[in-house]
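One structure is given here, and the rest of the page talks about it.
The values are calculated or read from the model by the stated rules, or taken from the named source; none is laboratory data. Note that the structure is a prediction, hence the values are computed from the model and not measured. Backbone-built Cβ (ideal geometry, glycine too); neighbour counts: all protein chains shown.
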Amino acid sequence: MSARDKILASLRSSLAGTTPIPDPFDAALVDDPWRYKATERVTRLKELMGAVHSEVHLTTEADWPKLLHDLLNQRKINKLLVAPSTHHGQAFSTYCQTHSTDLQLLAYERPIEEWKRELFDEVPASLTGTLAGIAATGTLVVQPSPAEPRLMSLVPPLHIALLKASQIHDNLYQAQQHWPKPMPSNLLLISGPSKTADIEQVLAYGAHGPKDLIVLIMEDA
């Protein structure tokens, strides 16, 4: 028997004859105080995210590609990192193909070692989907994937997140009930652009991530 097996066997035997302590967790304590009407969730999330330097726009499934294109034009951004294999990536690519545009769409199709300098120095913005939104705290839940690696939402100076209004939950507890099973190994909770006040207590944006965040909320038809 290995040392590891001996340790585990000792731990198991030490529990013989004992009774597990009942779990005192009461979901009502973290759920009931933070509930909202369905019509209030979008408004609350928009207000809280706007209060921390985020830019939030309400749109629809049909209109968001044009809105995004217009926002990029206003900021004079000519490159956008997208995930071509995702539904939203395909939708925006189709929009750009059918409309006159100078916007260059980039894809995260190489190992980071092959294009690290380009990603960090030459990509001004990225578009990603979201898993959910949390009204109580004004938070986005982003699930990295092979199509949309974690660096897509952490490196470019501008992060654009697409969120369905129907996926905005009241609070973190409610959002967790809808997370994929088994639980993903990595989820990002984003409540605004990157910011820090570590140096002389002066608030600075973009210190360790995007300095700007645009959220496009697609309202249900």
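Considering only residues that are assigned to a strand (DSSP E or B) and among the hydrophobic types (A, V, I, L, M, F, W, C), which ones fall in region 130-140? Within region 130-140, 132, 134, 140 meet the criteria.
Taken over region 184-214, the criterion of being at pLDDT 95 or above and among the β-branched types (Val, Ile, Thr) is satisfied by 190, 214. Among the residues of region 114-138, what is the count of those that are polar (S, T, N, Q) and under 8 Å from the mean Cα position of the chain (by Cα)? Residues flagged as polar (S, T, N, Q) and under 8 Å from the mean Cα position of the chain (by Cα) within region 114-138 amount to 2. Considering every residue within region 62-83, establish whether at least one is in contact with an Asp or Glu (Cβ under 8 Å, 6 or more places away or on another chain) and either free of Cβ contacts under 8 Å to residues at least 60 places away in the same chain or loosely packed, with under 13 Cβ neighbours inside 10 Å (or both). Yes, the conditions are met somewhere in region 62-83.
Considering only residues in region 168-221 that are in a helix (DSSP H, G or I) and of a type in the set (S, T, N, Q), the one that is farthest from the chain's Cα centre (by Cα) turns out to be 174. For region 173-182, the criterion of being out of contact with any helix residue (DSSP H, G or I) (no Cβ under 7 Å at 6 or more places or on another chain), polar (S, T, N, Q) and over 30 Å from residue 26 (Cα atoms) is satisfied by no residue at all.
Against the criterion of being basic (Lys, Arg) and at pLDDT 95 or above, residue 181 does not qualify.
Among the residues of region 76-90, is any in contact with a strand residue (DSSP E or B) (Cβ under 7 Å, 6 or more places away or on another chain), of a type in the set (Lys, Arg) and modelled with pLDDT of 95 or more? Looking through region 76-90, at least one residue is in contact with a strand residue (DSSP E or B) (Cβ under 7 Å, 6 or more places away or on another chain), of a type in the set (Lys, Arg) and modelled with pLDDT of 95 or more. Among the residues of region 94-129, those identified as in a loop (DSSP other than H, G, I, E, B) and farther than 19 Å from residue 53 by Cα are 99, 100, 101, 102, 103, 108, 109, 110, 111, 123.
Scanning region 145-201 for residues that are touching a residue at least 24 places away in the same chain (Cβ under 8 Å) and β-branched (Val, Ile, Thr), which turns out surrounded by the fewest Cβ atoms within 10 Å (Cβ to Cβ)? Here the residue is 155.
Listed residues 107, 91, 132, 125; which is hydrophobic (A, V, I, L, M, F, W, C), touching a Pro at 6+ places or on another chain (Cβ under 7 Å) and crowded, with 18+ Cβ neighbours inside 10 Å?
125
Kindly indicate whether residue 141 is touching a Leu at 6+ places or on another chain (Cβ under 6 Å), within 30 Å of residue 43 (Cβ to Cβ) and at pLDDT 95 or above.
yes
Of everything in region 28-47 that is among the aliphatic types (A, V, I, L, M) and closer than 20 Å to residue 132 by Cα, the residue that is surrounded by the fewest Cβ atoms within 10 Å (Cβ to Cβ) is 38.
Regarding region 176-195, can at least one residue be identified that is of a type in the set (D, E, K, R) and out of contact with any strand residue (DSSP E or B) (no Cβ under 7 Å at 6 or more places or on another chain)? Taking every residue of region 176-195 in turn, at least one turns out to be of a type in the set (D, E, K, R) and out of contact with any strand residue (DSSP E or B) (no Cβ under 7 Å at 6 or more places or on another chain).
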